[in-house]
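S.K.: Mind having a look at this structure? Questions to follow.
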Amino acid sequence: MPTLIKIVTFATIMLIIAVSGCTTTDTDEPEPIPVIIENEDYVPERDNNEEQDIFTISTSAFENKGEIPSRYTCDGDNINPELVPGILPEDTESLVLIVDDPDAPRGTFTHWIVWNIEPGSMINENTNPGVEGLNDVKGTDYFGPCTPSGTHRYFFRIYALDTMLDLGSGSTRTALEQAMQEHIIAEGELMGTYSSD
């Protein structure tokens, strides 16, 4: 009988130890240290190069997103429309003009590329305002909208650069985009539509 009492007593003691949490295991992990944010309103500064100024481009020929008159297309006189850049940054040294059609059947079709355009001046109708590059009809002159079918969008984009480009006449669009890549400080866009149907 005394032996049975000892066994019961020993079992009771072990149960109390286990319940009280005095034992530890190797799997116990330390509690994570809380991160204290001293200023919850803190916002990291943005790199100035992440954003570029935007300016407007206007023309007396058509409204933005409006229909381009046939005078400025391959169905008419095939001359460039007047383009008027808006307010440019003070450090603008030259402008680049790219005219293209992203809706062409074989991908974006380049109609005209011009660089080293004098800033602050309008691009007059039927003029060559700067150094012209190679378009997708293998010429250097303006080649107006000329849709095979349906309505296409034609973008007239002007880029303000902080430098003049040392790029020869007849250079490709790829060469132009590489040369201007690190020098764009502002840009503007005008879009017109045209259908030959």
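S.K.: Which is aromatic (Phe, Trp, Tyr), touching a residue at least 60 places away in the same chain (Cβ under 8 Å) and touching an Asp or Glu at 6+ places or on another chain (Cβ under 6 Å), of 154, 142?
M.R.: After applying the criteria, what remains is 154.
S.K.: Out of all the residues in the stretch 185-197, which are surrounded by fewer than 16 Cβ atoms within 10 Å (Cβ to Cβ) and either over 28 Å from residue 105 (Cβ atoms) or of a type in the set (D, E, K, R) (or both)?
M.R.: 189, 197 - these are the residues of the stretch 185-197 that are surrounded by fewer than 16 Cβ atoms within 10 Å (Cβ to Cβ) and either over 28 Å from residue 105 (Cβ atoms) or of a type in the set (D, E, K, R) (or both).
S.K.: If we keep just the residues of the stretch 179-197 that are among the aliphatic types (A, V, I, L, M) and out of contact with any Lys or Arg (no Cβ under 7 Å at 6 or more places or on another chain), which is nearest to residue 59 (Cα to Cα)?
M.R.: The extreme case among them is 190.
S.K.: Let me ask something else about it. Among the residues of the stretch 72-118, which ones are aliphatic (A, V, I, L, M), touching a residue at least 60 places away in the same chain (Cβ under 8 Å), open to solvent by 10 Å² or more (accessible area, probe 1.4 Å) and over 29 Å from residue 197 (Cα atoms)?
M.R.: Once the filter is applied, which keeps residues that are aliphatic (A, V, I, L, M), touching a residue at least 60 places away in the same chain (Cβ under 8 Å), open to solvent by 10 Å² or more (accessible area, probe 1.4 Å) and over 29 Å from residue 197 (Cα atoms), the stretch 72-118 yields only 88.
S.K.: Give the residue that is farthest from residue 144 (Cα to Cα), with candidates limited to residues of the stretch 61-78 that are in a loop (DSSP other than H, G, I, E, B) and among the polar types (S, T, N, Q).
M.R.: 64
The values are calculated or read from the model by the stated rules, or taken from the named source; none is laboratory data. This is a predicted model, so every value here is computed, not measured. Virtual Cβ from ideal backbone geometry, glycine too; neighbours counted across all protein chains shown. Areas reflect the complete protein model, heavy atoms only, side chains present, ligands, DNA and RNA absent. Shrake-Rupley method; radii C 1.70, N 1.55, O 1.52, S 1.80 Å.
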